[in-house]
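**Student:** This is the structure, below, for whatever I ask next.
The values are calculated or read from the model by the stated rules, or taken from the named source; none is laboratory data. These numbers were taken from a predicted model, which means no experiment stands behind them. As a convention, Cβ positions derive from the backbone with ideal geometry for all residues, glycine included, and neighbour counts pool all protein chains shown. We work out accessible area using only protein heavy atoms, side chains counted, and drop any ligands, DNA or RNA first. Shrake-Rupley method; radii C 1.70, N 1.55, O 1.52, S 1.80 Å.
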Amino acid sequence: MVLRLVLGAVFTAMAVGQLASWDQMPEIVAGYQVVSGAGATALAVALVAGELVCGLWFLARPRSRDRAPVWVYTAVSLMWAGLAVQGFARGLTVENCGCFGTYLTQSLGWPVLVQDGLLLVYAALLLRGGRAVRPTGETPHPGQKPHPERAKNTPHAESAESTENAENAEHAEHAENPDDAQKVEQP
């Protein structure tokens, strides 16, 4: 939960900084020399929208187990890391990495690569954390059948089983013929 809150605050701040300097964001993205013109604008829109969606989601619902914001976070982190790695590998001089728009500027170098690497580590942690096994008796997703062993251990299952046993015992007690009492099915 703490990781989601911190990442939510960071990604929301990134999006706000980029929106506040929107007129320069396509140019900043084009500085990585992967896309230009309309492509740079589209990539800038995708980055800002993704940061805003997952940032606000993490802040508003830090305990959420929904996978969509985690995948959005992962995609945005991969895009930033991809831009940085390819730019660094090609020896590009990028004066402003663009993470916070024109605010808190950093030139492309090892610190930016380490920060992007950490974002990817956090993405892996969030993805791994979402795979936790549901506690016994937790309701499955719609359309998913509960595991037979887990279903037996739920309070509802125990209640239903004991009700069925009580009904069978009551039926056996009220049988007129002792032989009929033996015909009652026992689970």
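**Student:** Does Gln106 satisfy the condition of being modelled with pLDDT of 60 or more and surrounded by 12 or more Cβ atoms within 10 Å (Cβ to Cβ)? Spell out the reasoning first.
**Tutor:** Values: modelled with pLDDT of 60 or more: yes; surrounded by 12 or more Cβ atoms within 10 Å (Cβ to Cβ): yes.
Criteria met by Gln106.
**Student:** Let me ask you something else. Enumerate the pairs (first residue in region 98-116 and farther than 16 Å from Met79 by Cβ and touching a residue at least 12 places away in the same chain (Cβ under 8 Å); second residue anywhere and of a type in the set (Ser, Thr, Tyr) and open to solvent by 50 Å² or more (accessible area, probe 1.4 Å)) with beta-carbon separation below 8 Å, excluding pairs fewer than 6 apart on the same chain, so at least 6 apart or on different chains.
**Tutor:** Final answer for the pair search is Ser107/Thr93.
**Student:** Could you check region 69-78 and list, in sequence order, the residues that are aliphatic (A, V, I, L, M) and open to solvent by 60 Å² or more (accessible area, probe 1.4 Å)? I'd like the intermediate steps shown before the answer.
**Tutor:** Initial filter on region 69-78 (aliphatic (A, V, I, L, M)): 70, 72, 75-76, 78.
If the condition is that a residue be aliphatic (A, V, I, L, M) and open to solvent by 60 Å² or more (accessible area, probe 1.4 Å), then Leu78 is the only one that fits.
**Student:** Ok, one more. Among the residues of region 57-68, which ones are surrounded by fewer than 19 Cβ atoms within 10 Å (Cβ to Cβ) and part of a helix (DSSP H, G or I)? Working first, answer last.
**Tutor:** Residues of region 57-68 surrounded by fewer than 19 Cβ atoms within 10 Å (Cβ to Cβ): 59-68.
Correct list: Leu59, Ala60, Ala68.
**Student:** Let me ask something else. Does Ala151 satisfy the condition of being modelled with pLDDT under 90 and not in a loop (DSSP other than H, G, I, E, B)?
**Tutor:** Numbers: modelled with pLDDT under 90: yes; not in a loop (DSSP other than H, G, I, E, B): yes.
Spelling it out, Ala151 is indeed modelled with pLDDT under 90 and not in a loop (DSSP other than H, G, I, E, B).
**Student:** Taking Leu126 as the residue in question, decide whether it is surrounded by 15 or more Cβ atoms within 10 Å (Cβ to Cβ), in a helix (DSSP H, G or I) and either in contact with a Gly (Cβ under 7 Å, 6 or more places away or on another chain) or modelled with pLDDT under 95 (or both).
**Tutor:** Working: surrounded by 15 or more Cβ atoms within 10 Å (Cβ to Cβ): yes; in a helix (DSSP H, G or I): yes; either in contact with a Gly (Cβ under 7 Å, 6 or more places away or on another chain) or modelled with pLDDT under 95 (or both): yes.
Judged against the criteria, Leu126 is a match.
**Student:** Can you confirm whether Lys145 is open to solvent by 50 Å² or more (accessible area, probe 1.4 Å) and at pLDDT 60 or above? I'd like the intermediate steps shown before the answer.
**Tutor:** Details: open to solvent by 50 Å² or more (accessible area, probe 1.4 Å): yes; at pLDDT 60 or above: yes.
Considered against the rule, which asks whether it is open to solvent by 50 Å² or more (accessible area, probe 1.4 Å) and at pLDDT 60 or above, Lys145 comes out as yes.
**Student:** Now for a different question. Pick out the one residue from Cys99, Cys54 that is part of a helix (DSSP H, G or I), closer than 21 Å to Leu5 by Cα, open to solvent by less than 70 Å² (accessible area, probe 1.4 Å) and not basic (Lys, Arg). Lay out the reasoning, then the answer.
**Tutor:** Details: Cys99 fails: part of a helix (DSSP H, G or I).
Among Cys99, Cys54, only Cys54 is part of a helix (DSSP H, G or I), closer than 21 Å to Leu5 by Cα, open to solvent by less than 70 Å² (accessible area, probe 1.4 Å) and not basic (Lys, Arg).
**Student:** Based on what the data block shows, is Thr12 among the polar types (S, T, N, Q), open to solvent by 10 Å² or more (accessible area, probe 1.4 Å) and farther than 29 Å from Gly129 by Cβ?
**Tutor:** No; evaluated as a whole, the condition is false for this residue.
**Student:** Here are Ala46, Ala84: which of them is open to solvent by less than 80 Å² (accessible area, probe 1.4 Å), at pLDDT 95 or above, in a helix (DSSP H, G or I) and touching a Cys at 6+ places or on another chain (Cβ under 8 Å)? Break it down into steps so the answer makes sense when it comes.
**Tutor:** Values: Ala46 fails: touching a Cys at 6+ places or on another chain (Cβ under 8 Å).
Result of the check over Ala46, Ala84: Ala84.
**Student:** So which residues in region 15-43 are among the polar types (S, T, N, Q), over 12 Å from Tyr103 (Cα atoms) and open to solvent by less than 60 Å² (accessible area, probe 1.4 Å)? Walk me through it before giving the result.
**Tutor:** First, pick out the residues of region 15-43 that are among the polar types (S, T, N, Q): 18, 21, 24, 33, 36, 41.
Imposing the further condition that a residue be over 12 Å from Tyr103 (Cα atoms) reduces the set to 33, 36, 41.
Correct list: Thr41 only.
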